[in-house]
Structures are given as C-alpha cells and as structure tokens.
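Student: Below is one structure. I have some questions about it.
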Amino acid sequence: MTFQSRPSSQRILIADDDPVMRHLLTSIVRKEGYDAVVVDDGREAYRILQSDADFQAGIFDMMMPHLEGLDLVRYMRTEKRLQRIPVMMISAERDLQLMTKSFIAGATVFLAKPFNTNQFQSTLRILLTNKMAPRSVPL
Amino acid sequence: MLSIEKVNIEAIPTMRTPKIFRDAVDLAVLASYEKIQLEGEPDLVVELINLYLEDAPRRVVVMRESLAKTNWLSVKREAHCLRGSSGSLGAIQMALICDEIEPLESGDLLPGIEALLICLGRELEQVLRVFLAERHRRLQ
C-alpha cells in the first residue's frame, strides 16, 4: 500500500508493515501538521527514496518484510542527498542492543512500542528539531 | 462470526487481578487517541478498530498454520506484529500472550506452544467483542 499526499517539503516518510500502526503514525504526523507518505514495507520506502529526497524525516519500523528499517537507514547514510533526513526507528523489540544497532546504522532517535501519543509527539519534535543528533527516548 | 447483539462487556469474567490485566481491552488507550482526531475526518478510533478486526484474526490463523508446518520464523513474526498492534490499542493480554510466544524456539515443547495459541485465540475473541461494542457505541 502506498498513500502519497501532495508534494511538499513538509513530508514525512512512514514505513511499517502493521496497518494499525501505520494508520496511527499517519494520524499523529498529520496532526502535527505534516504530510505523510506511507508505505507498508522497507523495499517500497527504498524505491521512493531512490528518486525522492524531499522529506523532513523518516519513521521506520525496525522489523519489516523485504527490507528492514536498519538496512533502510544504512542505505540513507550512504547517499549524500538522503543524509540530512533524520530517522526515527520504532520497534517492539525489547533487546537494548537493537537500539545501539539503530544508532550505529544512523538512526537519529529510537522509540519502543507500545508508545502513547504524547511520547510519539515528543519524539517527533526532537527528531525534527535536533536533526542527526543520535539519542534515545526512555522506554 | 461475532454478533454485536451478543456483546456484553460486563460478562467478561472477573478475577482477583488488577483491572488493567482483567479487561480484554484498556479502553483508556483507545480514548487517548481522540486528541489526535482530525477535524472532518472519520472517527480515528473506529478506523483503528476496523483495521485490527481485519488484521488480527488473519494473523492468528497464519500463526496456527505456520505452527502446523513448523515454520517458527513465521509464528514469531506474526506474534511480533500482533504484539505491537494489540499493545497500541490497549489489548494488554493479547500483547502479553504474544510476548510469551515470540521468544519460543523450535526446541521448545510443542504442546506448550499450542496451548499458548489456544489462549491467544480465546483472548482474541474477548478483544473482538470489546472492539465491536466500542465501534458500535461510537457509530451510534
């Protein structure tokens, strides 16, 4: 599934294979005043990023079919035109090593599921105001 | 197929456990999404419920089929995803059962895993009843 709203510099790319989570993330992002470009796996996000770098941020689930969030962010950090885009990695994993791996791969912030709307909104604001400064959000 | 007419949240068995663990769904979690409701758009909670109603039963079926084929990776992947969506919608018990299933490996006892899947199926029925009732209430 790909849902794309109007082209603009206020776009955020969301990739998650869980339809409930996708809809939830999209709603919060739109509530924050951004447009959401939504895909249901990492491969689709990769395809979009190959030709489109006009995003304020990326929000990726860590475990996705075809291409995982970690691989996606690694790709973004090797492409100069994508390097400025901050990335929020979200995961239902409890393994703290995955958080470390996210930062090593190039994620900007990490948020553990489940989270409430306040936690997500706060993390999104951190993501958008402190671009590329790796940090974790309390679990 | 569950029937809205048969829904009776009060009929959910009570136990001597904290309320949050006794209820199939913590409705406060759903209510918390009202603040991100966009004006003029369909009820967000109803939309989230609809997505869950469509997605969760399918994942449980896939888990059962995968277990029958001893496809552990698929069982774990579905449990992982179901844990995330269930937790996000306040279906705490569902999330907890998925949390028990997810770390299991092929060497673990099959009857134990089968029992967990039976529990998951029963819990899903409870969750669906609550979600159907909540959806019905919101659409009235």
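Student: Taking the condition at positive phi and at pLDDT below 95, does residue A:42 pass? Steps first, please.
Tutor: On the way: at positive phi: no; at pLDDT below 95: yes.
Taking the combined requirement at face value, the residue does not satisfy it.
Student: Going by the conditions given, is residue A:54 farther than 21 Å from residue A:104 by Cα, charged (D, E, K, R), out of contact with any helix residue (DSSP H, G or I) (no Cβ under 9 Å at 6 or more places or on another chain) and touching a residue at least 12 places away in the same chain (Cβ under 8 Å)?
Tutor: yes
Residue by residue, here is whether (1) crowded, with 17+ Cβ neighbours inside 10 Å; (2) touching a residue at least 60 places away in the same chain (Cβ under 8 Å); (3) over 25 Å from residue A:30 (Cα atoms) holds:
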{"residue": "B:44", "(1), (2), (3)": "yes, no, no"}
{"residue": "B:52", "(1), (2), (3)": "yes, yes, no"}
{"residue": "B:65", "(1), (2), (3)": "no, no, yes"}
{"residue": "B:70", "(1), (2), (3)": "no, no, yes"}
{"residue": "B:86", "(1), (2), (3)": "yes, no, no"}
{"residue": "B:93", "(1), (2), (3)": "yes, yes, yes"}
{"residue": "B:105", "(1), (2), (3)": "no, no, yes"}
{"residue": "B:115", "(1), (2), (3)": "no, no, yes"}
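Student: Related question: Can you find a residue in the stretch B:78-95 that is among the basic types (Lys, Arg) and either within 30 Å of residue A:35 (Cα to Cα) or in contact with a Leu (Cβ under 9 Å, 6 or more places away or on another chain) (or both)?
Tutor: Yes: one or more hits.
Student: What pairs come out if I take residues in the stretch A:20-40 that are more than 12 Å from chain B (Cβ to nearest Cβ) and pair them with residues that are assigned to a helix (DSSP H, G or I) whose C-beta lies under 6 Å away, six or more apart or interchain?
Tutor: A:38/A:22; A:38/A:26; A:39/A:45
Student: Do the conditions hold for residue B:84, that is, is it in contact with a helix residue (DSSP H, G or I) (Cβ under 8 Å, 6 or more places away or on another chain) and of a type outside the set (A, V, I, L, M, F, W, C)?
Tutor: Taking the combined requirement at face value, the residue satisfies it.
The values are calculated or read from the model by the stated rules, or taken from the named source; none is laboratory data. Keep in mind it's a predicted model, so treat the numbers as computed, not measured. Quick reminder, even Gly has a Cβ in these numbers, built from the backbone with ideal geometry, and neighbours come from all protein chains shown.
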